[in-house]
Amino acid sequence: MLDTIYQSVLSGNAPETAQGVQQAIDAGLDPGEILNQGMIAAMAEVGQRFEAGDMFVPEMLIAARAMKEGLAILQPHLVDAGVEPVGKVVLGTVKGDLHDIGKNLVGMMLEGSGFEVIDLGVDVPPEGFVAAIQEHQPQIVGLSALLTTTMPGMQEIIEALVAAEVRDHVKVMVGGAPVTSDFANEIGADAYAADASAAATQAKRLL
Ligand code: B1M
């Protein structure tokens with residue numbers, strides 16, 4: 001049964017994933033086991049295949065959507081079973097930037113790795129990130145930018161975190177097509193990830 005869920009996520013079959021998760025719950029399987037051995041294991045495989053160049057963005061998106069549909073069914077049972085998320089991430093695309101496909105994919109991969117994700121959406125000003133960090137107290141804040149003109153906004157956000165005295169409580173991860181590891185170092189971010197799979201790996205490392 002777990003293998004069917006694993007294969008459905010891996011192949012991006014959302015209806016089959018949802019059905020598999022429901023069947024596993026009805027059969028009395030442990031929700032944590034369904035999550036870890038069925039779904040997260042499949043997303044980890046997706047990440048490895050993506051990194052090896054055996055899987056591409058569209059397939060990763062489809063797998064992530066299947067994961068999301070399965071998670072929607074599993075979520076209340078996880079809460080009932082007391083399975084805690086591994087960590088909390090506040091995620092958003094920076095001010096002036098409306099690109100969200102990559103950011104959404106990052107969010108899905110993080111959820112697939114067991115994180116609770118608070119997605120602030122796009123065009124988020126520095127004060128939006130500060131307010132969300134104060135409210136949700138995440139371990140990590142993830143910033144996405146797709147435009148060279150909005151990249152400097154990442155530094156402004158880090159400065160706003162310092163000014164609001166929350167910088168010491170949260171790790172900053174940055175990413176997006178024009179963002180580089182050198183840029184991340186320059187602005188004082190804690191981590192850079194080139195893609196959604198690497199973002200999940202980095203987030204686990206940051207904990
Ligand atoms: Co725009 N756009 N766009 N666009 N757009 C780019 C980014 C561009 C490179 C196209 C080009 O000219 N070749 C260019 C930027 C040039 C530059 O700055 N150097 C550009 C431009 C110029 C613009 C406009 C200014 C165009 C105009 O109006 N004149 C305008 C700006 C609007 C704005 O934001 N204010 C604009 C608008 C749009 C659309 C609305 C039409 C649409 C966005 C739709 C949406 O997102 N809902 C769009 C699109 C689709 C693109 C391209 C074609 C594709 C982006 C994408 O979704 N890629 C893009 C060209 C390109 O990248 N080839 C382009 C797929 C996605 C899965 O990858 O987003 O890179 P990506 O995310 C990856 C990684 O970057 C990483 O993981 C993701 C998954 O692997 N990642 C992170 C992302 N965020 C991360 C965060 C992390 C870690 C990793 O940690 C927190």
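Below is a table of values for the structure above.
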quantity: Positive-end residue, the chain charge dipole about Cα centroid, Cβ charges, pick of LEU29, THR180, GLY128; calculated: THR180
quantity: Calculated diffusion of region 162-207, Stokes-Einstein form, Kirkwood radius summed over Cα pairs, 4 °C and 1.567 mPa s, µm²/s; calculated: 117 µm²/s
quantity: Mean shadow area of region 62-181, taken as a quarter of the surface of its Cα convex hull (nm²); calculated: 7.6 nm²
quantity: Cα-centred dipole magnitude for the chain, charges only on beta-carbon of K, R (+1) and D, E (-1), debye, nearest 20; calculated: 140 debye
quantity: Bins of 5 Å, starting at 0 and running to the largest distance - Cα pair percent for region 3-80; calculated: 3, 19, 31, 24, 13, 7, 3, 0
quantity: Nearest-0.05 FRET efficiency for LEU207 and GLN134, computed from C-beta distance (R0 22 Å); calculated: 0.60
quantity: Amide hydrogen neighbours beyond the local backbone of MET55, cut-off 5 Å, H modeled; calculated: PHE50
quantity: Antiparallel bridge percentage (DSSP; both residues within the chain; nearest 5); calculated: 0 percent
quantity: Per-residue ³J(HN,Hα) for region 34-44, Karplus 6.51 cos²θ - 1.76 cosθ + 1.60, θ = phi - 60°, Hz, x for Gly and Pro; calculated: 4, 5, 6, 7, x, 8, 5, 4, 5, 5, 5
quantity: Ranked packing of 119-125, 163-169, most packed first, by mean Cβ within 10 Å; calculated: 119-125, 163-169
quantity: Cβ-placed point charges (K, R +1; D, E -1), dipole of region 162-207 about Cα centre in debye, nearest 20; calculated: 200 debye
quantity: Cα-based shape type of region 1-141, given that a ≥ b ≥ c are square roots of the gyration tensor eigenvalues and the cut on a/c is 1.5; calculated: oblate
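No lab work stands behind these numbers, since they all come straight from the coordinates. Since the model is a prediction, treat every value here as computed from it, not as a measurement. Cβ atoms come from the backbone with ideal geometry, glycine included; neighbour counts cover every protein chain shown.
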